[in-house]
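Engineer: Provided herewith is a single structure, encoded as structure tokens, for subsequent inquiry.
Coordinate-derived values only; no laboratory data. Predicted model, so just to flag it, every value in this text is computed and none were measured. A quick note on method: Cβ atoms are made from the backbone with ideal geometry, for glycine too, and the neighbour counts reach across all protein chains shown.
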Amino acid sequence: MTSEKETNSSLLKSRLETLEKSGIKLYLNGLPSTTEYIVKKCVNEDTVYMPDYVTDEEGKVKEIRYDRISFH
């Protein structure tokens with residue numbers, strides 16, 4: 001039986017790998033990153049990360065920036 005965390009990890013990894021292969025740059029907390037590292041941080045930590053989709057002049061996604069969200 002697959003846990004929800006494993007399912008989320010697998011879905012995020014698959015999606016990011018596809019985007020990364022199509023040339024979209026990935027960032028985590030302002031630094032260049034990889035699919036594997038983002039999945040590890042976003043799924044396995046008890047922290048919330050929010051993706052920000054950065055587009056070019058034509059509206060095509062060129063970067064996805066994951067930033068840690070802190071609640072005060």
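Engineer: Along segment 53-63, what does the Karplus equation 6.51 cos²θ - 1.76 cosθ + 1.60 (θ = phi - 60°) give for ³J(HN,Hα), rounded to whole Hz, x for Gly and Pro?
Structural biologist: Residue by residue, segment 53-63 yields 8, 9, 10, 8, 4, 8, x, 7, 5, 10, 8 Hz.
Engineer: How large is the charge dipole for the chain, taken about the Cα centre, if only the Cβ atoms of Lys, Arg (+1) and Asp, Glu (-1) carry charge, to the nearest 20 debye?
Structural biologist: Numbers: 11 positive and 13 negative charges, 27 e Å.
In total the dipole reaches around 120 debye.
Engineer: Helix 35-44: angle to the longest alpha-carbon principal axis of the chain, degrees 0 to 90, nearest 10?
Structural biologist: The helix 35-44 is inclined about 40 degrees to the chain.
Engineer: Over segment 4-69, calculate the relative contact order: mean separation of alpha carbon pairs under 8 Å at least 6 apart, over the residue count, as a percent.
Structural biologist: Result for segment 4-69 is 34 percent.
Engineer: While we're looking at this one, here's another question. Using the 10 angstrom Cβ neighbour count as an exposure proxy, how do ASP52, ASP46 rank, fewest first?
Structural biologist: ASP46, ASP52
Engineer: Okay, moving on. Just going by the charge dipole of the chain, with Lys and Arg at +1 and Asp and Glu at -1 on Cβ, which of VAL61, TYR37, LEU19 is farthest out on the positive end?
Structural biologist: TYR37
Engineer: On a 0 to 90° scale, report how tilted helix 4-21 is relative to the longest principal axis of the chain, with both axes built from alpha carbons and the result rounded to the nearest 10.
Structural biologist: It is inclined by approximately 20 degrees.
Engineer: Using a 7 Å offset from Cα along Cα-Cβ at GLU63, what residues in segment 9-52 end up with backbone N under 13 Å from the label point?
Structural biologist: 24-33, 52
Engineer: Ok, one more. Need one number: % antiparallel among DSSP beta bridges in the chain, to the nearest 5. Kindly include the intermediate steps, with their values, before the conclusion.
Structural biologist: Details: 10 of 14 bridges.
Percentage antiparallel, nearest 5: 70.
Engineer: Hey, another quick one. For the chain, count the residues as N, evaluate 2.2 N^0.38 Å, and divide the Cα radius of gyration by that value, please.
Structural biologist: On the way: Rg = 12.8 Å, N = 72, 2.2 N^0.38 = 11.2 Å.
Compactness ratio reported: 1.15.
Engineer: Here is a further query. Using only helices, what value at 222 nm comes out for the chain when you add -39,500 (n - 2.57) per DSSP H run of length 4 or more and divide by the total residues, to the nearest 500 deg cm²/dmol? Intermediate results must be reported in sequence, preceding the final value.
Structural biologist: On the way: 2 runs with 28 residues, N = 72.
After summing the helix terms and dividing by the residues of the chain, the value is -12500 deg cm²/dmol.
Engineer: Running a GNM on the chain with Cα contacts under 10 Å, which residue among GLU36, GLU57, GLU17 ends up with the highest mean-square fluctuation?
Structural biologist: Evaluated over the chain, the most mobile residue of the options is GLU57.
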